[in-house]
Structure formats: structure tokens, C-alpha cells
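First comes the structure, then the notes that go with it.
The values are calculated or read from the model by the stated rules, or taken from the named source; none is laboratory data. Quantities reported herein were computed from a predicted structural model and do not represent experimental measurements. Reconstructed Cβ throughout: ideal geometry from the backbone, glycine too, with neighbour counts over all protein chains shown. Accessible surface areas use protein heavy atoms only, side chains included; no ligands, DNA or RNA. Shrake-Rupley method; radii C 1.70, N 1.55, O 1.52, S 1.80 Å.
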Amino acid sequence: MNKTVDIHTLPLVTNAISSAKTAVIEACKKSQPRVSPREIPLDDLSVDWWGVNTVWWGVDISPVKAVIEDAASQFACEWNVNARREVVDYICEQVTEYFADYIEYKSNEEFINSTAACPNVDCDSNDFEVGSMKVESDTAWQPVKCNICNANWNETFTLKLTSYEVQ
Ligand SMILES: [Zn+2]
């Protein structure tokens, strides 16, 4: 019997891809020093997938492997011995591609404490284009664009009365 299944569109596989993306983000958040999801080469690792160390450059990728292997193991069957392998490769390829242009942003707290450098974790530029500030009662906003990495964001300020002068 010759059975063909398009693994690319199976919910089991598409769900595993999105779970793996989340797992990569979570794993990177815990890494010390911080590693960007962009730097996790799942695509390369899949070549030696079952021999891959679960800690990759200080990032514990075992939860990522668990998600991918769980999905792939359901394709381990007699009529297609390569199916499991194909599923692992496909998921790794999709996740790696997704993170290729991924920008990780600082949290609010990290941004406020980072001496006004770019919110892109990997950028740290201070070369910005700042738009005009809009004020409404005690709140002000200004749009900012980084000239190095092109990140765009809005900064919000709370205005505080500091002094007065009689005219
Ligand atoms: Zn930047």
C-alpha cells in the first residue's frame, strides 16, 4: 500500500510548530547570558537531532525538543520509516525560519532602566529619530524610530508639576 500524507498541513504538525516557537522563546528568556531565539539553530541541530545536547550555548532546549519529538514520534510507523525524521526536519526548519528576523524587545522595566538605548535587546543604539510629542492632560507620547535596527515604538510620559513662577 502506498500512502501519501502531506505532513505540512496536519494540525498535529502545525500545532507542534507553534508550541515549539513558544518553547524557544521561553527557553531563551531563562538563558544567562540572554540568547535571542534567532540564535537557536534548530535547522542545523536537526541534522544530529537525537544526539543533540539539550543544553545549547547555555539555553536549555529540552522543552523544545520534547514538543518536537512528541509530534514526530506519532509518525513513527512501518510504512514510512523516514516520516519521523521528516517531521523533525520540517518543524525545525519552520521554527528557524520564523525566528530569522525575530526581534526580542526589552520589558518595560528593562527599557526604562537602560539609559534610553533601543528596546531591541540586540541593538543598544542611541541613534534615534524622535517624532513630535503629543500631550493630553498629564500624559505625553512621542513616537521613536531607531536608525540602526528600524525598531519603532511609542514612549509614554507622565507629566508632573515641578514649580511655578508668578508673571
Ligand atoms: Zn535599534
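Couplings 3J(HN,Hα) of the range 137-151, computed from phi: 6, 9, 10, 10, 10, 9, x, 10, 10, 7, 6, 8, 10, 6, 5 Hz, in residue order, whole Hz [Karplus 6.51 cos²θ - 1.76 cosθ + 1.60, θ = phi - 60°; x for Gly and Pro].
For the chain, the longest piece that avoids every one of the GluC sites (Glu not before Pro) found in DSSP loops with at most 14 other C-beta atoms within 10 Å covers 79-164. Seen against the Cα atoms of the chain and their longest principal axis, helix 11-29 is set at about 50 degrees.
Are there chymotrypsin sites (Phe, Trp or Tyr not before Pro) in the range 132-164 that DSSP puts in a loop and that have at most 14 other Cβ atoms within 10 Å, and which ones? Mind dumping the intermediate values first?
Numbers: sites: Trp141, Trp153, Phe157, Tyr164; in loops: Tyr164.
Answer by residue number: Tyr164.
Per atom type, the range 7-99 shows carbon and sulfur on 51% of its accessible surface, probed at 1.4 Å. Taking all protein chains into account, the per residue accessible area for the range 117-158 stands at 62 Å² (1.4 Å probe). Kindly express, to the nearest 10 degrees and within the range 0 to 90, the angle between helix 62-73's C-alpha long axis and the longest C-alpha principal axis of the chain. So the inclination is approximately 40 degrees. Rounded to the nearest whole Hz, the Karplus-based 3J(HN,Hα) values (6.51 cos²θ - 1.76 cosθ + 1.60, θ = phi - 60°) of the range 32-40 follow the sequence 9, x, 4, 10, 7, x, 5, 8, 8, with x at glycine and proline.
State to the nearest 20 debye the size of the charge dipole of the chain about its Cα centre, where the only charges are +1 on K and R beta carbons and -1 on D and E beta carbons. Each step should come with its number before you reach the end.
Numbers: 13 positive and 26 negative charges, 57 e Å.
Using Cβ point charges on Lys, Arg, Asp and Glu, the chain gives about 280 debye.
The HN-Hα couplings worked out from phi for the range 49-55 by the Karplus form 6.51 cos²θ - 1.76 cosθ + 1.60 (θ = phi - 60°) are 3, 6, x, 5, 5, 7, 10 Hz, whole numbers, x standing for Gly and Pro. Would you list, by chain and number, the lysines whose Cα falls below 30 Å from the Cα of Lys29, excluding same-chain residues fewer than 8 positions away? Within the straight-line limit of under 30 Å, Lys29 reaches these lysines: Lys21, Lys65, Lys106, Lys145. Around the amide H of Trp56, modelled in the peptide plane, lie the amide H atoms of Ile61, all under 5 Å away and 5 or more residues distant in sequence or on another chain. Farthest towards the positive end of the charge dipole of the range 117-158, among the residues Ser125, Ser137, Phe157, is the Cα of Ser137, using unit charges on the Cβ of Lys, Arg, Asp and Glu.
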